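See structure below.
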Amino acid sequence: MQTVHALDPLRNAVAGLRAAGPVALVPTMGALHDGHLTLVREARRHAASVVVSIFVNPLQFGANEDLDAYPRQMERDSRLLEAEGVDLLWAPTAQAMYPPGFASTISVTGVSEGLCGTARPGHFDGVATVVCKLFNQVMPDVALFGEKDWQQLSVIRRMARDLDLTRPAANAILGVPTVREADGLAMSSRNAYLTPQQRAKAVALPTAMRRAIAQIEAGADVPSSLARLKSDVLEGGFGSLDYAELREADDLGELHAVITKPMRLLVAARIGTTRLIDNMAVKPAQAPEAA
Ligand code: PAF
């Protein structure tokens, strides 16, 4: 695996890979776990070469967030990617990504509003800006993201459609299902912040979500199912919830009742100082049988 830290060597290396066929990009902020490695394995199924980027993007962290504390494990990450047969690691310096005078922002309205957009103002501008740059730098044929960050994936797809991106095109931005620990907790680099006691309690989040989904799919009232979810999560040991909402899966349109289109239950909750997010599919109501 080749590792590059600056744009010119990146472009040369990608040109070499492109000669062998389609190139896939897996953008990450490092602190890799099995969820990331699943993206890498999936990327291999779609392309001849796999490029992984590791960049802890300061633009997507708010002033009171965990930028400084965010785990940085470049040597370990590099070994993991090498073992997965990744072709190229793009690990730009902050200077290479945001040279002095950098003054541009991509802002995607609509899907970026509400949910994490409310709790983390400016976050999705930071994500869209860095992902657009990563796409322009690597020009991949396909890019893969985890579905755990469902709103992020929706923002990135909207950006690709709106800006007529072709490398990758919006339909080549692939979401990969969330990888979970044995007890159901979604894998996240932020799980590393949890104490053993918090980690044991964190399972309350997916458990409460599954219960709410079973109720909603069985026809229960949505607001009461969400209220029950919130109390289950708080009783399970979380300190607060930023949101627990049922939304249209595609455009994240607000919903207060079950509809026939695919839906998503999205939740963000805090345990100690750690904010965890998760989302799960909710099946549409059965269409009434034709008479
Ligand atoms: O999901 C992440 O790890 C980050 O938000 C991303 C997409 C790599 C952009 O920094």
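The values are calculated or read from the model by the stated rules, or taken from the named source; none is laboratory data. What you see is a predicted model; the values in this text were computed from it and never measured. Every residue, glycine as well, gets a Cβ built from its backbone with ideal geometry; the counts of neighbours run over all protein chains shown. Surface accessibility is based on the protein's heavy atoms, side chains included, excluding ligands, DNA and RNA. Shrake-Rupley method; radii C 1.70, N 1.55, O 1.52, S 1.80 Å.
Things to note:
- Filter result (within 16 Å of the ligand (Cβ to nearest atom) and closer than 22 Å to residue 51 by Cα) within the stretch 155-167: 155, 156, 157, 159, 160, 165
- Condition check for residue 275: surrounded by 16 or more Cβ atoms within 10 Å (Cβ to Cβ), in a strand (DSSP E or B) and of a type in the set (Lys, Arg): yes
- Members of the stretch 104-118 that are open to solvent by 20 Å² or more (accessible area, probe 1.4 Å), out of contact with any Leu (no Cβ under 9 Å at 6 or more places or on another chain) and not small (Gly, Ala, Ser): 109, 118
- Residues of the stretch 9-32 that turn out to be away from the ligand (no atom under 16 Å from the Cβ), assigned to a loop (DSSP other than H, G, I, E, B), under 19 Å from residue 84 (Cα atoms) and of a type in the set (A, V, I, L, M), as a count: 1
- Filtered by the rule that a residue be assigned to a loop (DSSP other than H, G, I, E, B) and closer than 17 Å to residue 276 by Cα, the stretch 33-82 gives 33, 61, 62, 64, 65, 66, 67, 69, 70, 71.
- Residue count for the stretch 160-177 satisfying the condition of being in contact (Cβ under 8 Å) with a residue 12 or more places away in the chain, in a helix (DSSP H, G or I) and closer than 17 Å to residue 127 by Cβ: 3.
- Cross-chain or 6+ apart pairs with Cβ under 7 Å, the stretch 12-34 first and at positive phi, then outside any loop (DSSP other than H, G, I, E, B) and surrounded by fewer than 16 Cβ atoms within 10 Å (Cβ to Cβ): 30/74; 31/192
- Residue match in the stretch 123-136 (condition: more than 16 Å from the ligand (Cβ to nearest atom) and not aromatic (Phe, Trp, Tyr)): no
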